[in-house]
Amino acid sequence: GCTTESPADAPVEETSKEEKAAATEESSDSKETAPMDGDVVVGVSINALDAINNRQVFELMQEKVKAAGYECMATNANGTAVQQSTDIENLVQQGCNVIVVLNGDTDGLTNAVKEAASKGVHVISVESGYIPGISAYFTKNDFALGATMYMMLASEMGYDGEIIATGHNEHPAIRARVNVQEAMLKEYSNIKLVNRITTGYPGTTELAYNGVESALQQNPDVETIWCTFDLEALGAAQACEALGKTDIKIVGADGEIDVLYEIRDGEQIIATSVADLEATTNNVIETIADLEAGENVSMFHEMPYIMITKENVDEWIEKTESYLKENGE
Amino acid sequence: MAEQELAVQMVNISKYFGGICAVHNANLTVKKGTIHALLGENGAGKSTLMKMLCGLLKCDEGKVYLFGRESKIKSVMEAQVQKLAIVPQELALVEYFTVAENIYLGREQCNKLKMIDRQLMFEETEKVLRDLKIDLDVRAKVSSLSVSQKQMLVIAKVLSLNAEIIIMDEPTARLGKQEIDDFLKYMKYLRSQGKTIIYISHKLEEIFEICDEITVLRDGEVIATYPVAEITQEQLIKDMVNRNSESLDIRKETKILDEVILQAEHVSCDKMVKDVSFALHKGEILGFYGLVGSGRTEMIRALLGIDPLKSGVVTYKGKQVRFKNIRESMKAGLVLIPEERRKQGLVMNMSIRKNASLTKLKNFSRLGFIDQKKEKESILKSKDNLQLACASIENSAGSLSGGNQQKVVLAKFIDMPVDIYIFDEPTRGIDVGAKSEIYSLIERISGEGASVIIISSEIPEVQSICDRIAIMKEGEVVKILQPDEFRNAETILKYSIGG
Amino acid sequence: MLKTAVKDKKIRISEYATKYGTILFLIFMFIVFSALQPSTFLSLGNLLTILRQIVILSILGTGLTVVMITGRIDLTIGYAASFLGIVAGALMVDFGVPVWLTAIITLIVGAILGSLSGVAVAFIGIPDFIATLSIGFLISGVNQAYTKGHPISGMPEEFGVFGAQFFMGIPTSIFFMIIFLIIVFVLLNYTRFGRHVYAIGGNEESTMMSGVNVKKNLIWSYVVSGIGAGLAALILSSRLGTAHPTAGDDYLMEALATVYVGGTAFKNGEFNIAGTFVGAMIIGVLTNGLTLCNVQYYNQDIAKGLVIFLAVTITSIQKTRKK
Amino acid sequence: MLKTAVKDKKIRISEYATKYGTILFLIFMFIVFSALQPSTFLSLGNLLTILRQIVILSILGTGLTVVMITGRIDLTIGYAASFLGIVAGALMVDFGVPVWLTAIITLIVGAILGSLSGVAVAFIGIPDFIATLSIGFLISGVNQAYTKGHPISGMPEEFGVFGAQFFMGIPTSIFFMIIFLIIVFVLLNYTRFGRHVYAIGGNEESTMMSGVNVKKNLIWSYVVSGIGAGLAALILSSRLGTAHPTAGDDYLMEALATVYVGGTAFKNGEFNIAGTFVGAMIIGVLTNGLTLCNVQYYNQDIAKGLVIFLAVTITSIQKTRKK
Ligand SMILES: Nc1ncnc2c1ncn2[C@@H]1O[C@H](COP(=O)(O)OP(=O)(O)OP(=O)(O)O)[C@@H](O)[C@H]1O
Ligand SMILES: Nc1ncnc2c1ncn2[C@@H]1O[C@H](COP(=O)(O)OP(=O)(O)OP(=O)(O)O)[C@@H](O)[C@H]1O
Ligand SMILES: [Mg+2]
Ligand SMILES: [Mg+2]
């Protein structure tokens, strides 16, 4: 198979020995008689599909993999790290040569990735944090993105006043943005955090909605709400709407269609961001090809992102609507 | 009447439970306007046959005709439409409903808005109970009633359905003497109204008093049907058990030692037991007689620490004791063979072996591990000892007949260091044959030096086996009778009713 | 006949404590939070917020109460609420069905799902727990297969009537909740169905022996629960503005807790609609009050667990002591 | 007295079907998946993968089985597994406790959590369902409060012994599972404790009247379940390489399903350890096989629901028909 052509770093070599040993013991080794010998099988494993950005990257990735002539196997873990670990193990069993991990939970996948790598399977992390054993790491600069988001809100309120912040600790990208929130609050000491709402998955929007709704009762002078991504922003916006707080400003991230409409209509949410998934997925495919060809690939690949505000929102609404239409049914 | 109309015909009926055949090819014919008794040992299949008649169970084979027409009743609802009603063997009431709500359950009266009309329901219930001469508060919760009141309520409920055919499955098992007399009178009245009654009871006197015909079942088969005038008690018992009846009177000569092993002084508990005092001698069989609900079970439970004891002094083997729970009293050598075998005596789905060893697993275990071989040997020995009839001790306890179940409960407590055996209604719902076997077992136990307390609601029972009889009434011991005082049943009854 | 209790007075006090302890506790929470946050907690706006936040929970809990009175359980409600939200969303967005018709169809589908559980439990005789659990897995699978995990958005403006709009300054969802609660309350307390439901819970065999069609009534009780899930789904997706494939999943456990806590109010261990509402209020007031006091979300969970535990403990101790 | 059944043969076949139907079903799945994926499914590597994937489920299910035999339920296990993983992680990473001591402490804390539920159920008399549910909320709250949602990573290499390493080519976690299953099997079938547990489940009152300390045994059964949660937590966090604050939460429902499906194997509705293992295998084989066949993930949920539903339906129909 083509797996043996991988760059010769230590752990891989170790296990190829193990593999050979296993092959001699067993009459039918899975690798040797893998379906369509020589064909490259790519596994695509995603953590959850709640956010539009996840779905787009999940579908684009599968499309691109198939278009590149690879066999594709996709799994969705519905938000749990354990399930994603299991998914990765199963993908390895299925004889995948490369596994692309999308939006995974960095820490929860440590061992699954290590094990996959030790069996000669290349793992590519896309927005899943740096996991030891991966062959390539694609990510947005979430620190920069967070800074952009919250600078926007800070200036909106004149670097002074009360805010509510939302967020959770379950995903590296979200954690990065929460860290930026903290850092900015230290810097702009006139901005006062009056309530921190912890969300989570599933049910992000509702958690944000209920939390913000209650928090706003208590702190009617809040001027902006610092959310970490669009599902939170939507919940926060609905809570404002329900309480008639039309002048509160919110930013999100990920480009949910409902958020885009809000931006267009001049409601509470004033900005969001999207990653350039087209470019990213193309880049991933190239990396896969390089890996299969046995070439050296660089570890870090930055995913470019674009901020969407009232100025450029129409273009993105058009794009997103057509995407939704195509991928609807 | 020359050709009496037939109310019920059951033809070639069979019923299987798993591998067990409960009713086999049974035929039953009941004439309209008669009281027809079903008689048989425990497990003979009486209840099963009746359940098939009223649609609670499906017939595996055979046909049922009601008034000449084939009946395909599949549920109680359909039975009610066919004017067929049953007083089941087990009390069937919703405890937290009121008397009226229970009587009208399933046929609640609604007003135009489809809302329940409670007022009407209470009024009608009062009328129904008055007609039946039953004295109950229609608004009382059933859970506050005594057992016999509950039984009367179940009977009232069924009678209020105005059914043509009424099945009574041991209706008097929970009733006191007075209530039974009233009840039997009412049965006769119903017959005079042209109703058909199928009557199941283990009490032969009742059957001879009110029934017209008797059908005997044995091992799921119908043995014979007789007009009551043409049959003797001996013949019936022979049919039931397939052997000649032994005399029930096995009373030994009194040999009470002076030594008192258990003494209760002024014992009271929350549940209606008031100021009870008695002494139990070594080797004695002490009977407790009383009407149902007179507090005998409650008193014993308090003594053994199952329920809390409020006040009073208990002396056991010369030392003052107050058991905190049943484990303590059991360790001290007092055991209770409870009144409800199915609920309190056995784990029905567990094997005979495991049931019998549950009380004494410590005897067969080391470091918590059970030596199953030793266990098996011991239980096999008890099985022979008690003449327990079962194919294998690995069968489930639930597969046994009532008498044999009672023996399994007994098996739990033999081979243990026991000083006092307490039997609560040891023969309730048990057939004649099994009864005498149980009596001789009790006899044997006491012969071996243990003391025995027997709680019973049957006068002949206490008369025949007890050395002394304590009479309880409304939670109090009103009298302790010596042998020469209780030969006359009237005396016993007089004290227990009062006056 | 019935003996006068000797310890009449003593028993009465502790009985009152058990019977109304849960409500007293709710009142106590009101007082504490009002003291801590005098200006906001008792404001009309905040009270409406609390009510609006418990709408879903109390509707699901109310339906579940009916099933639980019969002595059964319904573990589908969370998954069903998610699924029915998707049904509603799909009908409106993917098939262009008008809002009113969508609402009707959603409730009917909810009833059908409920009857499925009912049939599995009553007729096939599968233990309620595993029957509803596996049907829940099934529903959730169908849901995932249809949506592939995607939420459905872009529902018509008028759909907001269920959960996003106001009527006389009061969120419409509150009216829906009140109507549903009243209907189920009347059903349970004034109709034959209700009598039978309570009777089945009290003693199923006796009820059957009384000629009540137990199976039919069981199925109907699951249908009520299913309709509750349908209504909750409508309000939830209307409120969020999107139908999320997992929006309702997490409500199951809280709804169960609500019904149990509700059982400790008014009727001393018996499940009842008014109690369920009190249970939902306790959870709602607690969450809202703690958020107002800026207590961290993490500690809120601890508080919730403690409060539920205490509520059921009081009743249980009372009951055990009685024995 | 006992008649030889006339319909002996007919009954026997259907009894066999009920008794071994679940196992036949598992074998059937093996055959189907082997036929569909001849080269991969039956490979040693894949079989080990399946086993490794069911380790957590079958350990949790095994502990739960003990509680469920007594007729109770334990809804804490999922939260407890999450929490105990954090306990282990915190001990090693935050406090520098060595691996072996961490393992012991974790199991002990698991036992304590179990005894908490046991005391609440047996002594305070809170209904098992709500007692364990609220204790579950509590545990999860404490967990969240300590971690604030952050996973704990950076555990020592040797911690891999529980779930990440191999022994003679076989994942170590499989050995732990086998040992735990055997211990609990022996406990249930060869000791007084086991006998008492079964007796309590069969008829609690009779068992009490036989002088068995019902409350003590109930508590111990919860303790076994708690220890199971502890072991599962060790393996889970070792396998993931991190202790996740919510890693175990989702196992509850599947473990429940496993025990129920297990009840349909071997003993016709009675819960038992061998059955629970079969139940876990069915879920494991199904998930693995469907993934190998590249069946879309969302259809896997439908399949899981269907399979569980069918398994319990067969037994239930059989039972109902008997009546
Ligand atoms: N549901 C059941 N499952 C299995 N076996 C049963 C069931 N019901 C009854 N049996 C068995 O069928 C036989 C007949 O029982 P049945 O209750 O009809 O006897 P019976 O004559 O009414 O006895 P009793 O005088 O004790 O009431 C017994 O062997 C009994 O164990
Ligand atoms: N658990 C209980 N709760 C409330 N009252 C009870 C309970 N058990 C029994 N009683 C009532 O206490 C009284 C005494 O009952 P007990 O069982 O001691 O009488 P008994 O003389 O043993 O009669 P039986 O022949 O029915 O056993 C009855 O009125 C009964 O209804
Ligand atoms: Mg009978
Ligand atoms: Mg009694």
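For chain A, give the share of DSSP beta bridges that are antiparallel, in percent and rounded to the nearest 5; count only bridges with both residues there.
Within chain A, antiparallel bridges account for around 10 percent of the total.
For the protein assembly as shown, what does the accessible surface come to per residue with a 1.4 Å probe? Please give it in Å².
Result: 38 Å² of accessible area for each residue.
Please average, across the residues of B:356-363, the number of beta carbons from any other chain that are within 10 Å of each residue's own beta carbon, and give a whole number.
Per-residue shielding by partner chains comes out at 4.
Kirkwood Rh, Cα Rg: Rg to Rh for region A:76-143?
Computed over Cα atoms, the ratio is 0.94.
Show me you know the interface measure: the accessible area buried between B and D, both chains summed, probe 1.4 Å, in Å² to the nearest 100.
3300
When DSSP assigns beta bridges and you keep just the ones with both residues in the protein assembly as shown, what percent turn out antiparallel, to the nearest 5?
Around 45 percent of the beta bridges assigned by DSSP in the protein assembly as shown are antiparallel ones.
Out of region D:81-141, which chymotrypsin sites (Phe, Trp or Tyr not before Pro) are coil in DSSP terms and have no more than 16 other C-beta atoms within 10 Å?
D:Phe95
What is the magnitude of the charge dipole of the protein assembly as shown about its Cα centre, with +1 placed on the Cβ of each Lys and Arg, -1 on the Cβ of each Asp and Glu, and no other charges, expressed in debye to the nearest 20?
It comes to approximately 7320 debye.
Ignore the peptide's own chain and count Cβ atoms of other chains within 10 Å of each Cβ in C:238-251; give me the average, rounded.
Per residue, the number of nearby Cβ atoms from other chains is 5 on average.
Taking all protein chains in place and a 1.4 Å probe, what share, in percent, of the accessible surface of region B:123-194 do carbon and sulfur account for?
Reported share for carbon and sulfur atoms: 45 percent.
Of B:Lys310/D:Lys215; B:Lys324/B:Lys407; B:Lys360/C:Lys19, which sit over 32 Å apart, Cα to Cα?
Beyond 32 Å: B:Lys360/C:Lys19.
Quick one: Kirkwood hydrodynamic radius for the protein assembly as shown, alpha-carbon pairs, angstrom, one decimal?
35.5
With a 1.4 Å probe, what is the total accessible area buried between chains C and A, in Å² rounded to the nearest 100?
2700
Semi-axes of chain B's equivalent ellipsoid from the Cα gyration tensor, sqrt of 5 times each eigenvalue, largest first, rounded to whole Å?
39, 28, 23
At A:Met299 and A:Ala144, where each label point lies 7 Å from the Cα along Cα→Cβ, what is the point-to-point distance in nanometres?
According to this spin-label approximation, the distance is 1.9 nm.
Round to the nearest 0.05 the FRET efficiency obtained for B:Lys310 and C:Asn189 when R0 = 60 Å and r is the Cβ-Cβ distance.
The value I calculate is 0.95.
Can you pull the Kirkwood radius for region D:44-318, inverse mean 1/r over Cα pairs, to one decimal in Å?
Roughly 18.9 Å, rounded to one decimal.
Take the Cβ-Cβ distance between A:Val194 and B:Glu95 as r, set R0 to 41 Å, and report the resulting FRET efficiency rounded to the nearest 0.05.
Step by step, r from the Cβ atoms, then E = 0.15.
Starting from the Cα gyration tensor of region C:38-195, take the square roots of the eigenvalues, sort them a ≥ b ≥ c, and report rounded, prolate or oblate (rounded when a/c is under 1.5, otherwise prolate if a/b is larger than b/c, else oblate).
Taking the square roots of the gyration eigenvalues as a ≥ b ≥ c, region C:38-195 is oblate.
Restricting attention to region A:274-329, which trypsin sites (Lys or Arg not before Pro) occupy a DSSP loop and are surrounded by at most 15 other Cβ atoms within 10 Å?
Sparse-neighbourhood loop trypsin sites (Lys or Arg not before Pro): A:Lys310.
Heavy atoms only, probe 1.4 Å: what % of the accessible area of chain D goes to carbon and sulfur, would you let me know?
Taking all protein chains in place, chain D shows 69 percent carbon and sulfur surface.
P(r) tail for region B:4-238, what percent of Cα pairs lie past 24 Å?
46
Have a look at C:Ala243, B:Leu190, C:Gly125 and report the one farthest towards the positive end of the charge dipole of the protein assembly as shown, computed about the Cα centre with Cβ charges (Lys/Arg +1, Asp/Glu -1).
B:Leu190
Averaged across the residues of D:198-205, what count of C-beta atoms belonging to other chains lies within 10 Å of each residue's C-beta?
6
Leaving out ligands, DNA and RNA, calculate the buried accessible area for the pair C and D with a 1.4 Å probe, summed over both sides, in Å² to the nearest 100.
Protein heavy atoms only, the C-D interface buries about 3600 Å².
For region D:140-186, just say rounded, prolate or oblate: build the C-alpha gyration tensor, square-root its eigenvalues into a ≥ b ≥ c, call rounded for a/c under 1.5, and beyond that prolate if a/b exceeds b/c, oblate if not.
Oblate, because a/c is 1.5 or more while a/b does not exceed b/c.
How much length, in nm to one decimal, is gained on full extension between B:Asn111 and B:Lys63, taken as 0.36 nm per residue of separation minus their Cα-Cα distance?
13.2 nm
Scan region B:412-455 for GluC sites (Glu not before Pro) in coil per DSSP, keeping those whose Cβ has at most 10 other Cβ atoms within 10 Å, and list them by number.
Passing both the DSSP loop test and the Cβ count: B:Glu448.
State which entries of B:Lys157/B:Lys195; B:Lys133/B:Lys479; B:Lys274/B:Lys494 exceed 27 angstrom in Cα-Cα distance in the structure shown.
Exceeds cut-off: B:Lys133/B:Lys479.
How large is the helix-only mean residue ellipticity at 222 nm for chain B, computed as the sum of -39500 (n - 2.57) over DSSP H runs with n ≥ 4, divided by its residue count, in deg cm²/dmol to the nearest 500?
Roughly -9000 deg cm²/dmol at 222 nm, from the helical runs in chain B.
When the Cα centres of region A:78-136 and region A:150-212 are compared, how far apart do they sit, in Å?
30
Over what distance in Å are the Cα centres of region B:18-58 and region C:37-108 separated?
With region B:18-58 and region C:37-108 each reduced to a Cα centre, they are spaced 52 Å.
Could you grab the Rg to Rh ratio for region D:119-277? Cα atoms only, Kirkwood for Rh.
Ratio value, two decimals: 1.01.
Taking R0 as 30 Å, what FRET efficiency do you get between C:Ile317 and C:Ile178 from their Cβ-Cβ distance, rounded to the nearest 0.05?
So, using R0 = 30 Å, E works out to roughly 0.35.
Return the residues of region A:225-243 for which accessible area with all protein chains present is lower than in the chain on its own by 40 Å² or more; set the probe to 1.4 Å and exclude ligands, DNA and RNA.
A:Gln238, A:Ala242
Run lengths n ≥ 4 of DSSP H only: what is the helix-derived mean residue ellipticity at 222 nm for chain C, with -39500 (n - 2.57) per run over all residues, to the nearest 500?
-24500 deg cm²/dmol
Just to make sure I understand: if all protein chains stay in place, what is the order of B:Lys127, B:Lys373, A:Lys245 by accessible area at 1.4 Å, largest first?
Putting B:Lys127, B:Lys373, A:Lys245 in descending order of accessible area: B:Lys373, B:Lys127, A:Lys245.
Mind running the shape call on region B:258-495? Use the C-alpha gyration tensor, a ≥ b ≥ c as the square roots of the eigenvalues: rounded below 1.5 for a/c, prolate if a/b tops b/c, oblate otherwise.
Since a/c reaches 1.5 and a/b is larger than b/c, the shape of region B:258-495 is classed as prolate.
Share of antiparallel DSSP beta bridges in region B:258-495, in percent to the nearest 5?
Of the beta bridges lying entirely in region B:258-495, close to 55 percent run antiparallel.
The values are calculated or read from the model by the stated rules, or taken from the named source; none is laboratory data. Here the structure is a predicted model, which means the values were calculated and not measured. Every residue, glycine among them, receives a Cβ derived from its backbone with ideal geometry; neighbour counts consider all protein chains shown. Just so you know, the surface numbers come from the protein's heavy atoms only, side chains and all, with ligands and any DNA or RNA stripped out. Shrake-Rupley method; radii C 1.70, N 1.55, O 1.52, S 1.80 Å.
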